[in-house]
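Contents: one structure, followed by commentary.
The values are calculated or read from the model by the stated rules, or taken from the named source; none is laboratory data. Since the model is a prediction, treat every value here as computed from it, not as a measurement. Here the Cβ is made from the backbone with ideal geometry for all residues, glycine too, and neighbour counts use every protein chain on show. For accessibility, only protein heavy atoms count, side chains too; no ligands or nucleic acids. Shrake-Rupley method; radii C 1.70, N 1.55, O 1.52, S 1.80 Å.
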Amino acid sequence: MIKQIQYLSRIQLCNLLGLNEIRHTKDKSRRARYLALALAWVVLGGMLCAYVVMLSFGLAEMGMGEIIPVYLSAVCSLVILIFTFLKAGSVIFSMHSYEILVSLPVSQAAIVISRFLTMYVSNLLLCLLIMIPGMAVYALKLHPSPECYLYGTLGTVLLPLLPLTLATAAGAGITAVISRMKHKSLAASCLMILIMICVLTISMLWNGESGEITKEMLINIADVMKEKIGQIYPPSIWFGKGITSGNTGAFFLFAGVSAGAFLVLVLVLQHWFVSICTALHAVVRKNDYQMGRLRAGSVTAALWKKEIKRYLASAIYVSNTVVGYLLMVLAAAALLIAGPEKLEAMLGFPGLVSGMMPLLLAVTGSIMPITACAVSMEGKQWWIMQSLPVRGKEIWNGKILLNLTVALPCWAAAVILSVLALHPSPAEGFWIAVIPLVYILFTSVLGIAVNLAMPIFDWENDVRVVKQSASTMATMLIGMVSALLPALVIFFAGMEYRTVVYGAATAVILAAAGVIYGIICRKDTCSV
């Protein structure tokens with residue numbers, strides 16, 4: 001069975017990372033796209049490592065070096081918990097790939113274990129990007145005992161196990177409840193959105209509390225942070241004690257809980273795996289269909305309704321593409337609750353929040369538009385869209401309208417909350433409303449153009465399209481950079497020039513959106 005696990009894990013990792021296509025494809029343009037995506041991931045990984053190094057140096061210089069292992073392990077665990085929870089149903093409980101594999105001479109246990117190993121390896125890569133730079137700074141600054149290196153290495157290897165276990169167990173439990181519902185995809189989407197709102201709200205409240213730290217708390221801030229992390233995730237404290245003080249008992253407690261919980265979950269899922277997969281992909285059918293009144297509408301309206309149904313049918317699709325728009329509303333709500341003065345005092349830049357609010361909303365609204373993967377989500381049914389007697393322009397309009405349907409209510413709520421919080425002048429209120437709206441329109445069109453240039457139709461689960469495709473990465477980077485550039489100009493030139501910068505940015509972005517829209521409208525579906 002070990003060889004079966006090895007082969008299956010290798011195949012799944014190759015499919016997840018696209019290694020087989022890079023090695024064997026004869027399409028030079030596709031290989032170039034994969035290489036560009038790999039370069040983008042390398043750049044993002046480098047940025048993450050640089051951030052971790054700066055954070056660790058800052059903690060060490062403040063005399064809080066002992067908190068580094070605890071803090072970094074808690075961050076790793078939280079990130080793994082969230083991302084594993086969002087994609088466990090599509091990766092671990094994928095029924096389509098299971099039906100293919102079960103016909104082969106492999107055991108069910110090998111299939112289950114290989115899927116967990118695939119998730120484990122991908123999460124371990126993230127842990128290494130965070131832990132290695134941070135622990136290198138810790139070792140350089142504090143010169144720990146030799147046990148630190150041994151416990152640090154073993155602990156980093158074991159770190160993904162417990163959050164992976166908790167996220168998978170939670171996903172399986174929620175699946176068991178949602179599987180009995182008629183509209184289970186919509187229920188799963190709403191649940192994931194609710195969880196994300198809770199996480200973002202707790203994060204904002206955590207940051208809000210840090211603005212009220214007293215002088216006495218500042219002296220013992222390391223102990224305060226340890227206490228807060230211990231209340232939320234005790235295994236990080238056990239991990240930290242093993243590294244910082246060589247506490248063998250605490251480290252073995254961390255290792256035993258992590259490995260033990262993971263093994264128990266794998267053993268349990270071996271028996272219930274088929275039932276969970278079947279429940280997740282079961283469809284409720286009723287025999288009470290009645291012919292109603294037929295109504296005729298425009299082609300664009302029909303395609304828009306089709307896009308809405310497709311969108312709500314995938315919890316991964318909804319939960320990942322709605323994050324930026326939710327952040328718009330939450331950022332404005334935090335500004336209203338905390339007040340601009342308090343947030344600016346926390347950042348150390350008076351006038352920054354109130355002066356940059358239009359671009360702040362534009363950046364959050366540009367994180368990931370729905371259109372960045374709307375074409376790829378058609379999958380192997382793309383030939384149906386190509387065979388319809390409609391123009392490509394009408395298909396693209398339907399996908400753009402879907403993005404605006406989700407984005408515009410969030411934009412309106414964010415604008416109202418921002419105006420209530422800042423009490424701006426008419427000119428400032430105008431820019432608060434216009435700048436985010438312009439960027440929403442731009443990223444909606446940009447997403448279609450990028451996805452048409454880098455489509456993926458041979459995917460097995462929607463995680464690959466939504467989270468791991470080159471089009472989503474490229475659209476996210478272009479959208480956020482285009483919103484950050486005017487902010488940098490204002491930051492260095494001065495707030496008195498922000499009206500000029502806003503006007504120039506609006507003109508440029510609208511012109512770019514118009515040019516891109518004209519290009520995609522001239523593109524026929526058959527050429528994709």
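Being closer than 22 Å to residue 35 by Cα and in contact (Cβ under 8 Å) with a residue 12 or more places away in the chain narrows it down to one residue among 446, 437, 441; which is it?
446
Quick grid of which residues meet (1) modelled with pLDDT of 85 or more; (2) open to solvent by less than 20 Å² (accessible area, probe 1.4 Å):
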site	(1), (2)
82	no, no
86	no, yes
89	no, no
92	no, yes
98	no, yes
103	no, no
112	no, yes
132	yes, no
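Scan the stretch 508-517 for residues that are among the β-branched types (Val, Ile, Thr) and open to solvent by 70 Å² or more (accessible area, probe 1.4 Å) and jot them down.
508, 515
Take residue 341 and decide whether it is acidic (Asp, Glu) and at pLDDT 85 or above.
no
Please go through the stretch 344-366 and pick out each residue that is at pLDDT below 80 and open to solvent by less than 10 Å² (accessible area, probe 1.4 Å).
Passing the criteria: only 355.
Hey, among 149, 120, which residue is hydroxyl-bearing (Ser, Thr, Tyr) and free of Cβ contacts under 8 Å to residues at least 12 places away in the same chain?
Exactly one of 149, 120 is hydroxyl-bearing (Ser, Thr, Tyr) and free of Cβ contacts under 8 Å to residues at least 12 places away in the same chain, namely 149.
Output the residue which, of all residues in the stretch 30-64 that are exposed (fewer than 14 other Cβ atoms within 10 Å of the Cβ) and over 27 Å from the mean Cα position of the chain (by Cα), is modelled with the highest pLDDT.
61
Considering only the stretch 384-404, I want to know if a residue exists there that is at pLDDT below 90, closer than 23 Å to residue 324 by Cα and part of a helix (DSSP H, G or I).
no
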